[in-house]
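The values are calculated or read from the model by the stated rules, or taken from the named source; none is laboratory data. Computed from a predicted model, the values in this text were never measured in an experiment. Positions of Cβ are backbone-derived with ideal geometry, glycine not excepted, and every protein chain shown enters the neighbour counts. The area values use the complete protein model at the heavy-atom level, side chains included, leaving out ligands, DNA and RNA. Shrake-Rupley method; radii C 1.70, N 1.55, O 1.52, S 1.80 Å.
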Amino acid sequence: MIGIGWDSHRLEAGRRLVLGGVELAHPDGLGLAGHSDADVLAHAVTDALLGAAGMGDIGQRFPDTDDRFRDADSMELLGQVVADLGERGFAVVHVDATVVMERPKLGPAREQMRAGLAAALGVGSGAVNVKASTGEGIGFVGREEGVAALAVAMLGAQSE
Ligand code: MG
């Protein structure tokens, strides 16, 4: 089973910039706005998993009208979804993701994101890939109005 996930969040002052559970420093001090910690990468991966399992989407699973998810750690929410998948007999085979962001460069944080996501997904880091792309100065990403992420996930049957 395969699934796709996409998410974007607004960049604004006074918020943290957390991607795949790793906090980055934006050169202008911007971070991502949202009900939870607005971890756009974790959200895209979560949606890809839910899609592959035919389990709807992240907005249905963790409604942004629910105060329990205010400033929630999105990597923990991802872990909850992985646990649900396990209960339904699914195991994560591979996840590939792209972060679309102008600044800062992901740099060494990319491997940290990969390791953190792999831990949350219950797989080795070889089964997770994180790529970086930019908006080339155009569109909402290029104007640094927001950050986007997309992901695909492949699920298989859990081995006994
Ligand atoms: Mg989101």
With every protein chain left in place, what is the accessible area per residue of segment 1-120 in square angstrom, probe 1.4 Å?
47 Å²
Length-normalised contact order for the chain - Cα pairs under 8 Å, 6+ apart - percent:
33 percent
Highest GNM mean-square fluctuation, the chain, Cα pairs closer than 10 Å: which of Pro104, Pro27, Pro63?
Pro27
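Loop-only GluC sites (Glu not before Pro) in segment 108-154, please: DSSP not H, G, I, E or B, and at most 11 other Cβ atoms within 10 Å.
Those satisfying the criteria are Glu136.
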When a/c reaches 1.5 or more, the comparison of a/b and b/c decides; with that in mind, is segment 50-155 rounded, prolate or oblate per its Cα gyration tensor?
oblate
Compute, for His94, the solvent-accessible surface of its heavy atoms (probe 1.4 Å) with the complete set of protein chains present, and express it in square angstrom to the nearest 10.
70 Å²
Across Arg88, Arg15, Arg114, the residue with the highest GNM fluctuation in the chain (Cα network, 10 Å cutoff) is Arg88
